[in-house]
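To start, the structure under review is shown below, and the notes come after it.
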Amino acid sequence: MSRPSRVLVTGAAGFIGSTLVDRLLSEGREVVGLDSFDPFYPEDQKRGNLASAQQNGAFRLVEGDIRDAELVEQVFADGRFDGVVHLAALAGVRPSLERPSVYADVNVHGTSVILEAATRHRNPRIVFASSSSVYGERTDGPFSETDPVERPISPYAATKRAGELVAHTFHHAHDLSISCMRFFTAYGPRQRPDLAIRKFAERMILGEPIPVFGDGSALRDFTFIDDVVDGVTRALDIDSGFALYNLGAGRKVSVLEVVKLLERALEAPAEIEWLPVQTGDVPRTWADISAASEALGYAPQTTMEQGIERMVAWLRRSV
């Protein structure tokens, strides 16, 4: 199959989804976005994410839930897709501790509904959004796709690992081409308001204290949104059969280092509110990106300093 030209993006109004939609439209593809506008964060922010796409005649938005099998079936029947990027999910480690059964329903059942419909409609090439959280609590690294992942430490992580297993089952039983992308701490314009870099920056702009859990030494492989979307697009355009790919920057940065970069970019000091380590938080994430590099030509282009500057510039325009 050649490069997909008719693509379904679930979770299209979110941070990654809307940025991907804009990328696909810029490449001349037709895109259908499916989103339930879950109230995890304000709907107007999500609709704002799609403002540009809504002006493009090659884009159509469908509002609905991925668990609604009848709706999903109709979307696939109408769309005749040759590519699907399945991003829709309930996100966040800490919220999943409070609503584990709902997370399982949306993230595992909903994924099964999407894949089941795909098997009935042309077997499109599929990219599934997984997470670095599947690697669990680790003090070594970098993390490789061949590492054991049988000990997730949050319901969210467990649902993402379950989604990978469900995807493999559909590949084996129905010959679906599925690439599972393990995202490593994506950040940048349109980032969810609950995530660290945006939360820190907004509070610093307002002169409010920023919450840091633990002592600030936690390490994350922060990955700029444009690099994430580039990796997703590359995976969509290649038939990998069934594959797991890390999408990270291949470097680890501490929370306190991020705070220092934000202070420099914002030209404002940070007042830190020190809080206890949260259940479900892992001490580090660190991606081995050699598999994605070799198979997809994935090569992150954005340094942490550049990414923070671009994030701050977007926030200043948005405030």
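The values are calculated or read from the model by the stated rules, or taken from the named source; none is laboratory data. In this text, all values refer to a predicted model and were calculated from it rather than measured experimentally. Counting neighbours? That spans all protein chains shown, and the Cβs are built from the backbone with ideal geometry, glycine included.
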Single match in 168, 174 (criterion: in contact with a Cys (Cβ under 9 Å, 6 or more places away or on another chain) and either without any contact (Cβ under 8 Å) to a residue 12 or more places away in the chain or over 23 Å from residue 187 (Cα atoms) (or both)): 168
Hits in the stretch 233-252 (condition: touching a strand residue (DSSP E or B) at 6+ places or on another chain (Cβ under 6 Å) and of a type in the set (A, V, I, L, M, F, W, C)): 235, 236, 242, 243, 244, 247, 249
Number of positions in the stretch 137-150 that are over 15 Å from residue 164 (Cα atoms) and buried (at least 18 other Cβ atoms within 10 Å of the Cβ): 2
Members of the stretch 200-221 that are among the charged types (D, E, K, R) and either touching a helix residue (DSSP H, G or I) at 6+ places or on another chain (Cβ under 7 Å) or buried (at least 16 other Cβ atoms within 10 Å of the Cβ) (or both): 202, 203, 220, 221
Which numbered condition residue 140 misses (of (1) more than 22 Å from residue 230 (Cα to Cα); (2) assigned to a helix (DSSP H, G or I); (3) not hydroxyl-bearing (Ser, Thr, Tyr)): (2)
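Would you confirm whether or not the stretch 119-135 contains a residue that is among the aromatic types (Phe, Trp, Tyr) and modelled with pLDDT under 95?
Narrowing the stretch 119-135 to residues among the aromatic types (Phe, Trp, Tyr): 128, 135.
From what's left, modelled with pLDDT under 95: none.
Checking the stretch 119-135: not a single residue is among the aromatic types (Phe, Trp, Tyr) and modelled with pLDDT under 95.
With the stretch 208-285 as the region, which strands (runs of 3 or more DSSP E) entirely inside it contain at least 2 residues that are closer than 30 Å to residue 175 by Cβ and modelled with pLDDT of 95 or more? Steps first, please.
Working: elements: 210-213, 242-247, 272-275.
Of the strands (runs of 3 or more DSSP E) lying wholly inside the stretch 208-285, those with at least 2 residues that are closer than 30 Å to residue 175 by Cβ and modelled with pLDDT of 95 or more span 242-247.
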Positions within the stretch 1-26 being in contact (Cβ under 8 Å) with a residue 24 or more places away in the chain, farther than 17 Å from residue 79 by Cα and in a helix (DSSP H, G or I), in sequence order: 15, 16, 17, 18, 19, 20, 22, 23
Tally of residues being buried (at least 22 other Cβ atoms within 10 Å of the Cβ) and in a helix (DSSP H, G or I) across the stretch 167-194: 2
Pair list, Cβ under 6 Å, 6 or more apart: the stretch 249-277 residue among the β-branched types (Val, Ile, Thr), other residue surrounded by fewer than 13 Cβ atoms within 10 Å (Cβ to Cβ): none
